[in-house]
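Data block below; observations after.
The values are calculated or read from the model by the stated rules, or taken from the named source; none is laboratory data. This is a predicted model, so every value here is computed, not measured. Every residue, glycine among them, receives a Cβ derived from its backbone with ideal geometry; neighbour counts consider all protein chains shown.
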Amino acid sequence: MKPWLLTIVRNCFLTVVSQTKRKQDVPLPADNEIDLADPALIAGDPDPEAAIMKREDHRRLNDLLAALPAEFREVLVLREMEELSYGEIAQITGAPIGTVMSRLARARALLKKNWHLSAEGSRHALQ
C-alpha cells in the first residue's frame, strides 16, 4: 500500500474524530433560557411502548405473510412491496393478468382475515 494513501486515511479519521468530539461538547442553556416549544428539545422518537408495538406488528405481518400459500404470497409481495404493475407480475409469474388480480384479491382477503384472527387470539391470551 502506498504511504500517501495511509496518510490520507489517517487525516480523514482524525478529522472525523475531532468533529465528533466538538459535537459532543455543546453547553446546555440555563433554565430561564429554555423555550419548551423549541422543536430541537422535543424528542422525535416514538415512546418505547409504541416502538415495541410497531416491532410486534411487523413480526406478526411477516409471520402471516409466510403462512400464505406461495402463489398468494408471491403476487402480494410483488404488488405491495415491490410496487410492480399487474402486467409486470403476470410476466414474472407466467400467469394471466386476470389470475394475478384474482390471486391478489384472495391474498389480501386472507391476510386481512388472518390478521384479525391473530389480533383476537392475542387479546384472549392477555385475559
Consider the range 77-104. How many of its residues are free of Cβ contacts under 8 Å to residues at least 12 places away in the same chain and either out of contact with any helix residue (DSSP H, G or I) (no Cβ under 9 Å at 6 or more places or on another chain) or surrounded by fewer than 17 Cβ atoms within 10 Å (Cβ to Cβ) (or both)? 14
Matching residues in the range 74-91 - criterion: being farther than 13 Å from Arg103 by Cα and more than 20 Å from the chain's Cα centre (by Cα): Ser85, Gly87, Glu88, Gln91
Kindly evaluate Lys54 against the criterion of being surrounded by fewer than 14 Cβ atoms within 10 Å (Cβ to Cβ), at pLDDT 90 or above and not in a loop (DSSP other than H, G, I, E, B). no
